[in-house]
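Chemist: So that we are looking at the same thing, I have put the structure below in structure tokens.
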Amino acid sequence: MDAQDVIKYPVSTERTLRTMEAENKLLFVVDRKATKADVKKAVESLFKVKVVDVNTYIMLGKKKAYVKLSKDNPAIDIATQLGMM
């Protein structure tokens, strides 16, 4: 899978912004067939960051992934790059 096929779009809500600040995590809607390893590789290659952990879940037919970044890469910088902030 191509990185741009895996990551569909970021999710920006009040809750995700708080999680971004408190836990250095971003939330993305991802391809339903993507594995945690696929999501990790896609985020690392698209944004040139180090991913520590990926948690996925499916809700209302969409697969979402919380991506925890290393302390060296603030999630707020990626959110600004994506136009979320």
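Every number here is computed from the coordinates shown, using simple stated rules; none is lab data. Fair warning: this is a prediction, and the values are worked out from it, not measured in the lab. Using ideal geometry, Cβ is built from the backbone for each residue, glycine included, and neighbour counts are taken over all protein chains shown.
Chemist: Taking 0.36 nm per intervening residue step and subtracting the Cα-Cα distance, what contour gain separates residue 53 from residue 71 on full extension?
Modeler: 5.3 nm
Chemist: Report the local net charge at residue 56: Lys and Arg +1, Asp and Glu -1, summed over other residues whose C-beta lies under 9 Å from its C-beta.
Modeler: +3
Chemist: Using the Cβ atoms and a cut-off under 13 Å, what net charge is assigned to the surroundings of residue 4, where Lys and Arg are +1 and Asp and Glu are -1?
Modeler: That works out to -2.
Chemist: With a cut-off of 8 Å between alpha carbons and a minimum separation of six or more residues, what is the relative contact order of the chain in percent?
Modeler: That works out to 31 percent.
Chemist: Additional query: Taking all pairs of distinct Cα atoms, average 1/r, flip it, and tell me the Kirkwood hydrodynamic radius of the chain in Å to one decimal place.
Modeler: 12.6 Å
Chemist: Might you report the magnitude of the Cβ-based charge dipole of segment 3-82 about its Cα centre, with Lys and Arg at +1 and Asp and Glu at -1, to the nearest 20 debye?
Modeler: 300 debye
Chemist: If you don't mind, there's one more thing I want to ask. At a Förster radius of 22 Å, what calculated FRET efficiency corresponds to the Cβ-Cβ distance of residue 1 and residue 62, to the nearest 0.05?
Modeler: 0.85
Chemist: Pop a pseudo-label 7 angstrom from the Cα along the beta-carbon direction at both residue 18 and residue 84 and give the gap in nm to one decimal.
Modeler: 1.6 nm
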